[in-house]
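Working notes for the structure below.
The values are calculated or read from the model by the stated rules, or taken from the named source; none is laboratory data. Since the model is a prediction, treat every value here as computed from it, not as a measurement. Note that we place each Cβ from the backbone using ideal geometry, even for glycine, and neighbour counts take in every protein chain shown.
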Amino acid sequence: MKEINVPQSIIKEIKEKIPNLAILYLTGSRLTGTQNNKSDYDFYAFTVSHKSEFVLRDRNKGTTYKGDNYEIKCFDITHLFALLRKTNPNFIELFFNVPIFVGGYFDILTRLIYRDREKLPYINEKHFVASSVGMIKSNLSRISPNKVYKGSGSFGKELFNLIKAYRYGLAVANGKSLEAEINIMNEYLYVKNTEVYDQNLLNKINPEYLYQCLKEKCDDMKDSTEKLDLLNEYIYNTPLYFK
């Protein structure tokens, strides 16, 4: 577990924006330690409602909040379980650090998830690897010498995310530790900090080869069924609403 420092002023502002905040996780480059001086703070937030809101609201729809130097994707606490079942690599990596904020009723839940962090990709390991393959394919489609990058995007960021998807997917396909891969990604900061198209760097990384390797690995994996037993203890310790 890395020590993560988030300014208390940001946490205070988020708690004021989201008074029913249950759990707040850091995500993105600040989580993996690959940020630069331009990086914002990105968060996943989960909330708990009063019973009437729980019954009447469409809980599948998230809300996005933005501050001067942060962005929050906010969901009802029930959506946490939907995201765990999807075994998306970018989401699973959240749980390799403790939350930035935990409401009083959710301490047991967050402790259990952190305890089981290495097991989470294996809720459905083939889906995790297939998601990694899909991420690589998406990154490849956005890497071009004629590409004009906007906002926070860059050639280096696309290539960095491609490498991350490959390493995460390969680790799970081989039954290895995902935590080791998360901790090693700061070795690729030189890639992420490459602002403009660099053919020599592409030749060195060889992203098409990485894509084919992981795709073949995924195709050779047996279809896996969801291992939902892992979630039962989490469900038991999760209040869904307040009366």
Among (1) more than 20 Å from Asn206 (Cα to Cα); (2) free of Cβ contacts under 8 Å to residues at least 12 places away in the same chain; (3) outside the structural domain of Ser39 (by TED's automatic domain parsing), there is one condition Asn183 misses while meeting the rest; what is its number? (2)
Does segment 165-189 hold any residues that are surrounded by fewer than 18 Cβ atoms within 10 Å (Cβ to Cβ) and of a type in the set (Val, Ile, Thr), and which are they? Ile184
In segment 192-225, how many are touching a residue at least 60 places away in the same chain (Cβ under 8 Å), of a type outside the set (Val, Ile, Thr), surrounded by fewer than 13 Cβ atoms within 10 Å (Cβ to Cβ) and outside any helix (DSSP H, G or I)? 2
Inspect all residues belonging to segment 166-186 and state whether any of them is under 15 Å from Ile92 (Cα atoms), of a type in the set (D, E, K, R), part of a helix (DSSP H, G or I) and modelled with pLDDT under 95. yes
Here are some conditions: (1) in contact (Cβ under 8 Å) with a residue 24 or more places away in the chain; (2) in a loop (DSSP other than H, G, I, E, B). Gln35 meets all but one. Which one does it not meet? (1)
Report yes if Val191 is β-branched (Val, Ile, Thr) and in contact with a Cys (Cβ under 6 Å, 6 or more places away or on another chain), otherwise no. no
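Looking only at segment 82-136, filter to residues that are outside any helix (DSSP H, G or I) and aliphatic (A, V, I, L, M); which one of those is surrounded by the fewest Cβ atoms within 10 Å (Cβ to Cβ)? First the steps, then the outcome.
Let us first name the residues in segment 82-136 that are outside any helix (DSSP H, G or I), namely 87-88, 97-103, 116, 124.
Narrowing further to those that are aliphatic (A, V, I, L, M): 98, 100, 102.
On the way: Val98: 14, Ile100: 20, Val102: 18.
Here the answer is Val98.
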Of all the residues that make up segment 234-243, how many are in a helix (DSSP H, G or I) and in contact (Cβ under 8 Å) with a residue 40 or more places away in the chain? 2
Exception for Leu231 within (1) in the same structural domain as Ile108 (by TED's automatic domain parsing); (2) of a type outside the set (Lys, Arg); (3) without any contact (Cβ under 8 Å) to a residue 60 or more places away in the chain falls at (3)
Please specify each residue of segment 10-30 satisfying the condition of being crowded, with 20+ Cβ neighbours inside 10 Å and out of contact with any Phe, Trp or Tyr (no Cβ under 8 Å at 6 or more places or on another chain). Ser29
Return yes when Tyr236 is exposed (fewer than 12 other Cβ atoms within 10 Å of the Cβ) and assigned by TED's automatic domain parsing to the domain that holds Leu21 and no when it is not. yes
